[in-house]
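Notes to accompany the following structure.
The values are calculated or read from the model by the stated rules, or taken from the named source; none is laboratory data. Note that the structure is a prediction, hence the values are computed from the model and not measured. Backbone-built Cβ (ideal geometry, glycine too); neighbour counts: all protein chains shown. Heads up: the accessible areas ignore ligands, DNA and RNA and are worked out on the full protein's heavy atoms, side chains in. Shrake-Rupley method; radii C 1.70, N 1.55, O 1.52, S 1.80 Å.
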Amino acid sequence: LMGYVGFANLPNQVHRKSVRKGFQFTTMVVGESGLGKSTLVNTLFNTTLYPAKEPLPPSAERPKTVAIESIGADIEENGVRLHLTVVDTPGFGDFVNNDDSWKPILDNIESRFDSYLEQENRVNRQKIVDNRVHACLYFIQPTGHSLKQIDVEFMRQLHTKVNLIPIIAKADTMTDEEIAAFKARVLSDIEYHNIHIFQAPTYDNEDEETIAEAEEIASKIPFAVVGSDKLVATPDGREVRGRAYPWGVVEVDNEDHCDFVKLRQMLVRTYMEELREYTNDVLYENWRTEKLLGMGV
Ligand code: GDP
Ligand code: MG
């Protein structure tokens with residue numbers, strides 16, 4: 001089922017009764033312009049959250065700071081409602097001096113924590129709106145070298161505040177061998193800098209199948225993805241979401257072609273609730289404790 005997003009599994013992920021209210025999930029996308037962020041969001045949620053945009057005329061005034069833009073969509077699948085928010089960060093990495101590109105993004109994440117704390121402190125806590133960022137997809141340019149300074153700096157500054165999910169963008173521009181070598185470099189850079197990226201939790205009481213699935217997903221990090229919201233025809237006559245080249249078609253939903261399916265499994269189908277829980281129980285809780293200690297409470 002190509003158009004099927006897969007969050008309808010959420011009630012199973014949750015084991016709670018919040019099904020009727022629906023779920024709130026906020027994901028952020030960060031990375032330099034042109035790495036395919038908007039396209040991937042459309043591909044992941046099978047929507048056109050981002051309509052095709054007109055290119056800016058050369059004379060247009062370009063912004064000088066990172067902008068934070070938030071788009072919401074209500075999507076329903078098999079009777080399960082998801083209120084999805086995508087926080088986009090256009091401008092990141094696009095300036096002559098990108099030293100502080102991470103700062104407005106950190107501020108935005110913390111102000112969402114602030115708003116949550118403020119709601120928790122109200123007398124009436126019935127209608128808390130959770131606008132906290134539950135996952136941050138960080139797009140790495142497919143250079144084949146190693147992480148850039150701006151990547152390392154961003155992840156170092158943000159890894160204790162948000163669930164980081166590193167992604168190698170536009171994986172169709174590299175060969176399988178190049179991707180494998182690049183993944184290894186990226187992972188060793190991440191380890192060297194003591195950066196914590198989101199890991200799917202495993203529990204002692206889980207069955208072999210679940211553990212195998214978690215290991216399979218983990219083995220693909222950083223996910224090498226291809227995005228496309230267009231259908232293309234394959235030589236054998238199928239219509240698939242993909243990108244057509246003279247030598248063939250790269251299929252988004254084909255696990256032999258890229259890690260899109262595994263990324264979607266991590267973000268939407270299997271670990272959406274884990275991402276929400278880790279945000280609440282660990283990231284938010286640590287931030288809150290620090291904040292209260294800082295205020296001398
Ligand atoms: P953003 O600036 O990061 O939001 O990037 P966009 O999603 O607007 O994409 C920029 C350009 O890259 C567009 O022309 C897309 O069609 C193209 N693009 C998006 N995803 C991919 C991909 O996975 N592979 C390739 N080769 N091109 C892509
Ligand atoms: Mg974009």
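Of all residues in the range 171-201, those that are open to solvent by 80 Å² or more (accessible area, probe 1.4 Å) and under 19 Å from V268 (Cα atoms) total 1. Restricting the range 259-297 to residues that are under 30 Å from Y4 (Cα atoms) and of a type in the set (A, V, I, L, M, F, W, C), the residue that is most open to solvent (accessible area, probe 1.4 Å) is V261. With respect to the stated conditions, D236 is among the charged types (D, E, K, R), modelled with pLDDT of 90 or more and surrounded by fewer than 16 Cβ atoms within 10 Å (Cβ to Cβ).
Taking the range 76-170 and the strands (runs of 3 or more DSSP E) fully enclosed by it, the elements with 2 or more residues that are open to solvent by 20 Å² or more (accessible area, probe 1.4 Å) and closer than 30 Å to V226 by Cβ are at 80-88. With respect to being assigned to a loop (DSSP other than H, G, I, E, B), within 12 Å of ligand 1 (Cβ to nearest atom), modelled with pLDDT under 80 and among the small types (G, A, S), A52 fits the description.
Evaluation of S70 against the conditions (1) modelled with pLDDT of 75 or more; (2) touching a Lys or Arg at 6+ places or on another chain (Cβ under 9 Å) shows that the sole unmet condition is (2).
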